[in-house]
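Here the structure is laid out as structure tokens; the discussion comes afterwards.
The values are calculated or read from the model by the stated rules, or taken from the named source; none is laboratory data. It should be emphasised that the depicted structure is a prediction, and the values quoted were computed from it without experimental measurement. Here the Cβ positions follow ideal geometry from the backbone for every residue, glycine too, while neighbour counts run over all protein chains shown. Heads up: the accessible areas ignore ligands, DNA and RNA and are worked out on the full protein's heavy atoms, side chains in. Shrake-Rupley method; radii C 1.70, N 1.55, O 1.52, S 1.80 Å.
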Amino acid sequence: MENQQKHQYTLIILKPDALVKSLTGNIITRLSEARLRITAARVTRVSKELAEKHYAHLIDKPFFSDLYDYFSGKVYGGEYERVLAFVYEGEDAINRVRKIAGQTNPNDADPISIRGAYGRINKKGIMENVIHCSDSEESAEKEIKLWFAPDDIIEEVYPTVIKDMSGVQARVWA
Ligand code: IDP
Ligand code: MG
């Protein structure tokens with residue numbers, strides 16, 4: 001049926017400016033308007049390697065290095081070098097979240113949207129727009145696999161295989 005909405009997963013990242021401005025609660029509250037469920041959550045640092053994979057489509061842009069300094073939180077100093085990453089799931093999840101998030105450029109975004117309300121363009125021209133959200137099912141799959149290990153998601157979102165990792169060293173609690 002044409003109007004039948006699809007169950008989807010989407011990756012959401014609260015970028016460092018959301019943390020600096022103490023907006024995490026507000027943004028999560030706004031996201032609840034989408035009537036989706038949280039399937040995974042973690043706080044993490046953004047390495048250069050991760051940023052290059054996540055923003056592979058922007059790697060050749062002249063602003064990539066400034067974008068990395070923003071996305072990693074380096075522009076805000078060590079205390080804020082972190083982001084919050086989530087997987088949300090539900091009907092039409094990708095579009096519902098994109099709509100609440102608003103357009104990429106905070107100056108063009110609906111003022112009621114998350115980016116319209118909280119975003120800005122910084123001195124280096126980078127759009128500090130507080131939230132990332134996947135823009136298609138293809139990018140959601142790529143991004144979720146990049147940011148989460150299968151066991152950090154409470155559902156089997158994509159197919160997995162069991163690999164024998166014996167001999168591999170891992171850090172455990174002492
Ligand atoms: P999206 O975040 O709405 O999916 P993308 O085009 O994938 O938009 O860009 C990723 C991020 O890179 C944006 O959210 C924004 O922070 C930054 N960005 C994108 N295009 C520009 C630009 O032309 N100038 C400055 N920053 C940009
Ligand atoms: Mg994008």
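Within region 59-107, track down each residue that is among the small types (Gly, Ala, Ser), assigned to a helix (DSSP H, G or I) and under 21 Å from ILE28 (Cβ atoms).
ALA93, ALA101
Is at least one residue of region 51-65 farther than 16 Å from ILE144 by Cα, among the acidic types (Asp, Glu) and touching a Lys or Arg at 6+ places or on another chain (Cβ under 8 Å)?
The answer is no, given that none of the residues of region 51-65 is farther than 16 Å from ILE144 by Cα, among the acidic types (Asp, Glu) and touching a Lys or Arg at 6+ places or on another chain (Cβ under 8 Å).
Looking only at region 37-67, how many residues end up being within 14 Å of the chain's Cα centre (by Cα), over 19 Å from VAL97 (Cβ atoms) and open to solvent by less than 50 Å² (accessible area, probe 1.4 Å)?
The number of residues fulfilling the criteria is 4.
Determine, yes or no, whether LYS61 is modelled with pLDDT of 95 or more and within 12 Å of ligand 1 (Cβ to nearest atom).
yes
Report, ordered by the first and then the second residue, all pairs with beta carbons closer than 9 Å, sequence separation of six or more or different chains, a first member in region 60-74 that is in contact (Cβ under 8 Å) with a residue 60 or more places away in the chain, and a second member that is loosely packed, with under 13 Cβ neighbours inside 10 Å.
PHE63/GLY125; ASP66/GLY125
Out of (1) within 15 Å of ligand 2 (Cβ to nearest atom); (2) crowded, with 18+ Cβ neighbours inside 10 Å, what's the single condition that is false for TYR118?
Going through (1) within 15 Å of ligand 2 (Cβ to nearest atom); (2) crowded, with 18+ Cβ neighbours inside 10 Å one by one, TYR118 breaks only (1).
Of all residues in region 38-84, count the ones that are within 30 Å of GLU155 (Cα to Cα), basic (Lys, Arg) and away from ligand 2 (no atom under 16 Å from the Cβ).
4
Search region 24-36 for residues being buried (at least 20 other Cβ atoms within 10 Å of the Cβ) and out of contact with any Gly (no Cβ under 9 Å at 6 or more places or on another chain), and hand back the single one that is farthest from LYS142 (Cα to Cα).
The qualifying residue farthest from LYS142 (Cα to Cα) is ILE27.
Name the one entry in ALA109, ALA117, ALA174 that is more than 16 Å from ligand 1 (Cβ to nearest atom) and either modelled with pLDDT under 95 or over 19 Å from LEU36 (Cα atoms) (or both).
That would be ALA174, the only listed residue that is more than 16 Å from ligand 1 (Cβ to nearest atom) and either modelled with pLDDT under 95 or over 19 Å from LEU36 (Cα atoms) (or both).
Considering only residues that are part of a loop (DSSP other than H, G, I, E, B) and either aliphatic (A, V, I, L, M) or modelled with pLDDT under 95 (or both), look in region 123-146 and name the one that is surrounded by the most Cβ atoms within 10 Å (Cβ to Cβ).
So, considering only residues that are part of a loop (DSSP other than H, G, I, E, B) and either aliphatic (A, V, I, L, M) or modelled with pLDDT under 95 (or both), the one surrounded by the most Cβ atoms within 10 Å (Cβ to Cβ) is VAL130.
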